[in-house]
Every structure is written in structure tokens, then in C-alpha cells.
Amino acid sequence: KIFFSSGLTAMEKKLAEYKCNTNEAIQLKLVRFPEDLEDDNTTFNPEYSHQVFGDDEVAFGYKGLKILLYYIAGNLSTLFRIEYTSKVNEKFDCVEADDVESKIREIIPPGFCTNPDDFVSLLEKEVNFKPFGMLLHTYSVHNEEAGEDITYQIYKADMTCPGFREYHERLQTFLMWFIETASFIDVDDERWNYFLVFEKYNKDGATLFATVGYMTVYNYYVYPDKTRPRVSQMLILPPFQGEGHGAQLLETVHRYYMSSPTVLDITAEDPSENYVKLRDFVLVKLCQDLLCFSPGKLMQGFSQEMVMEAQQKLKINKQHTRRVYEILRLRATDMGDAEQSRNYRLDVKRRLIGPYK
């Protein structure tokens, strides 16, 4: 018995060496230049891989496993390769390596390269790639590293744009790695709107476009003649995070729907904590110039006028208007003043107690 158990632990130890954390094994890149393929600084990893590799986020059967998913920056043509230093073989009784390739193939569309040379030759055609749909907004962000302003553009696209369906299939694979509960949408439903962010960059004297992020919005019907757009997915790709693109995108989408008389208000499906922070920021920015949110009015408390004006002018619903009111009132309140701070606290308490009354 003793001999058997120690034999087992030796075997277990041996097998443990063949477990790889898939969040580390998966290496993602957005490639602009051939030299990016060899540059580790352009690599980023998933935050999640449990939807593909199970809750442990482990692939078994390999040492030194690398799952390479490289995308050309603009049209997202894909290179998919699996590399490893060794793999479990027949000598291990009844133990098989995970079929990593078929798991990845389930989420990436067909038509990818497996050879880096083919991928680099596709890179030369990237100069022909142009954003899809209608240009809504252009803005620039100062880049310290480059020492210059970089221009970004936001477009609204739909499935009638040539090539967009295939492009969207490649783009949505990123959701699996960066949104915890992501799922792919039914693109044949015409109620979906797609908003895309691109960066303009120069290569050999030509202007090219790189994919930065996107948002999908579903238009729900509201009786009798309105719609209620609901934000479903939103992702800014990791190399671009923290630069303000999410706020630009959300504000642009809000402004797009604000101009439509049939839109009632804009909501979000199962928003993450980060999305709620972003939305607070954007909605406060939009509301702060409305007369009903002037400091004098804020001190008088939350009013029906705020609800009406925010909904009619900015397509913001009552619940979100209340959040905006509390944020703006906090800004207008001198918390060092005992009476002002007490009034503010009581106002928030009244909202919290309301449902229980």
C-alpha cells in the first residue's frame, strides 16, 4: 500500500507538470508591422478563459504551452498557432492531452492563417482596409510616448456593409477573453446597432485604421411608437484601455440616439461595475449644463423637472437621472458645512428607505 501511494504521488507530480494556466498560455496581439510578431511588448493576455477552458482555466497535457492568436490591427485577419515544448505521450497510462485546437476553433471563425509567412503577406493588404458604416465622431488623444496627438473615429455600422459580417465574427471573439459572462449575438436580428472605434495611423506614408473597440446596442420596442436602445456589449481592447475611449464611445452613442424623436431612453443589460462608473461619468457630463441641475435647484432636492428634462433632451431614464442628481448635488455641497452635509445625507437616506415604506 505504501509503495502504491508514493508511486501515485510521483505520477501525480509528473502529470502536474503538464498543466498550463490558459490565461497565461493564450497570447493575443494586434499587429501593424511585421516586427510586431517578435515584439513581446505588443502581446497581451486574456482576463478570462473559463468559457473555453472550464472554471479552472487550465489546459492539460502540455509543457510550455503557447496559444497564439494574432490579429491584423484593422480587419482582424487572424493567425492561430499552438506551440509547446513537450506533450504527454502514450507512456502515461490512459492520459490524454486536452484538444486545445478544437476548443479555440469553436470560437474563432474559419479562414484564419496557421503560417506566420501567410499572415505577414496579408499584412501588406491592410492598406486597403477602411472602417465600416457612417462616421459619427472624430476626436484626438495626446500620446506621451509618440509625443503627438493621435486621431480616433467612431462609426455606426450594420450587417449590410460589405465585409462587416465577417469582420464582426472576428471582433466578437475578444469578448470571450475580456467579458466574464460574454455570449455571441444573433446578427440576423436587424434590431442590433454596432458602433466601432478606430485609430488612424501612418505606415509608409499611407493612412491606415486600427480597431480600438466597439459596442452593440439592441433596439427594444416600446408601445406604441418608441424604442428603448439597450447597450449589450462594450469592449475597448486592452492596448487602448485607460485612454478615455470608453467615455468617447458611450457619449457618441448617447448623442446618436438623442437626436432621434422615437427613442424613449437608453438602458444597459446587466452592466458591470466599470460600466456603471463610466456611465455615471458620461451622464453627469451631459447633464451638468441643464438648467434644472443648477446648484440652486440641486439644493431643493430631486424633482420631476429633472426627470422630464433628462429624459426628453438626453434620453436618460429616471433611475439614472437620480444618480446624476446625487453626484452633482454632492459636488455642489460643502461637506465641511454641518447643515449642508446633513441635508445631503438625509436626502440619500430618504431614497434608500423609500422602497421599504
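Confirm whether VAL52 is part of a loop (DSSP other than H, G, I, E, B), closer than 19 Å to TYR18 by Cα, in contact (Cβ under 8 Å) with a residue 40 or more places away in the chain and not assigned by the TED database to the domain that holds LEU175.
no
If you check every pair at least six apart or on different chains, which have Cβ atoms under 8 Å apart with a residue in the range 255-281 that is more than 17 Å from MET215 (Cα to Cα) first and a residue that is of a type in the set (Gly, Ala, Ser) second?
PHE281/ALA247
Kindly evaluate VAL307 against the criterion of being of a type in the set (Val, Ile, Thr), buried (at least 16 other Cβ atoms within 10 Å of the Cβ) and in contact (Cβ under 8 Å) with a residue 24 or more places away in the chain.
Taking the combined requirement at face value, the residue does not satisfy it.
Failed condition for ASN202, given (1) open to solvent by 30 Å² or more (accessible area, probe 1.4 Å); (2) closer than 20 Å to PRO131 by Cα; (3) at pLDDT 95 or above; (4) more than 12 Å from the chain's Cα centre (by Cα), with all others met?
Result: ASN202 passes all but (3).
If you go through the range 75-86 one residue at a time, do you hit one that is in contact (Cβ under 8 Å) with a residue 40 or more places away in the chain, of a type in the set (D, E, K, R), crowded, with 16+ Cβ neighbours inside 10 Å and not assigned by the TED database to the domain that holds TYR257?
There is no residue in the range 75-86 that is in contact (Cβ under 8 Å) with a residue 40 or more places away in the chain, of a type in the set (D, E, K, R), crowded, with 16+ Cβ neighbours inside 10 Å and not assigned by the TED database to the domain that holds TYR257.
State the number of residues belonging to the range 55-75 that are more than 17 Å from the chain's Cα centre (by Cα), of a type in the set (A, V, I, L, M, F, W, C) and assigned to a loop (DSSP other than H, G, I, E, B).
1
Here are LEU235, LEU250, LEU264: which of them is in the same structural domain as SER183 (by the TED database) and in contact with a Phe, Trp or Tyr (Cβ under 8 Å, 6 or more places away or on another chain)?
Going through LEU235, LEU250, LEU264 in turn, just one is in the same structural domain as SER183 (by the TED database) and in contact with a Phe, Trp or Tyr (Cβ under 8 Å, 6 or more places away or on another chain): LEU235.
Within the bounds of the range 113-127, is there any residue that is touching a Gly at 6+ places or on another chain (Cβ under 8 Å), touching a residue at least 24 places away in the same chain (Cβ under 8 Å) and not in a helix (DSSP H, G or I)?
No, the conditions are met nowhere in the range 113-127.
Please work out which residue is farthest from ALA206 (Cα to Cα), limiting yourself to the range 125-158 and to residues that are of a type in the set (Asp, Glu) and surrounded by fewer than 17 Cβ atoms within 10 Å (Cβ to Cβ).
Top of the filtered list is ASP158.
Let me spell it out: the conditions are (1) of a type in the set (D, E, K, R); (2) farther than 17 Å from PHE178 by Cβ; (3) at pLDDT 95 or above, and LYS277 meets all of them except one. Which number is the exception?
Of the numbered conditions (1) of a type in the set (D, E, K, R); (2) farther than 17 Å from PHE178 by Cβ; (3) at pLDDT 95 or above, the odd one out for LYS277 is (2).
For the range 149-184, which positions are in contact (Cβ under 8 Å) with a residue 40 or more places away in the chain, part of a strand (DSSP E or B) and under 18 Å from the mean Cα position of the chain (by Cα)?
If the condition is that a residue be in contact (Cβ under 8 Å) with a residue 40 or more places away in the chain, part of a strand (DSSP E or B) and under 18 Å from the mean Cα position of the chain (by Cα), then TYR152, GLN153, ILE154, TYR155, LYS156 are the ones that fit.
Of the conditions (1) out of contact with any Asp or Glu (no Cβ under 6 Å at 6 or more places or on another chain); (2) modelled with pLDDT of 95 or more, THR160 fails just one. Which one is it?
For THR160, the failing item is (2).
Taking VAL120 as the residue in question, decide whether it is surrounded by 13 or more Cβ atoms within 10 Å (Cβ to Cβ) and outside the structural domain of LEU30 (by the TED database).
Spelling it out, it is not the case that VAL120 is surrounded by 13 or more Cβ atoms within 10 Å (Cβ to Cβ) and outside the structural domain of LEU30 (by the TED database).
What number of residues within the range 164-183 satisfy the criterion of being modelled with pLDDT of 95 or more, open to solvent by 40 Å² or more (accessible area, probe 1.4 Å) and out of contact with any Pro (no Cβ under 8 Å at 6 or more places or on another chain)?
Count: 1.
Within the range 10-34, count every residue that is open to solvent by less than 30 Å² (accessible area, probe 1.4 Å) and modelled with pLDDT under 95.
2
Can you find a residue in the range 214-227 that is more than 29 Å from ILE316 (Cβ to Cβ), modelled with pLDDT under 95, open to solvent by 30 Å² or more (accessible area, probe 1.4 Å) and outside the structural domain of TYR70 (by the TED database)?
No, the range 214-227 has no match at all.
The values are calculated or read from the model by the stated rules, or taken from the named source; none is laboratory data. Bear in mind the structure is a predicted one, so any value in this text is a computation, not a measurement. Virtual Cβ from ideal backbone geometry, glycine too; neighbours counted across all protein chains shown. SASA here: full protein model, heavy atoms, side chains in, ligands and nucleic acids out. Shrake-Rupley method; radii C 1.70, N 1.55, O 1.52, S 1.80 Å.
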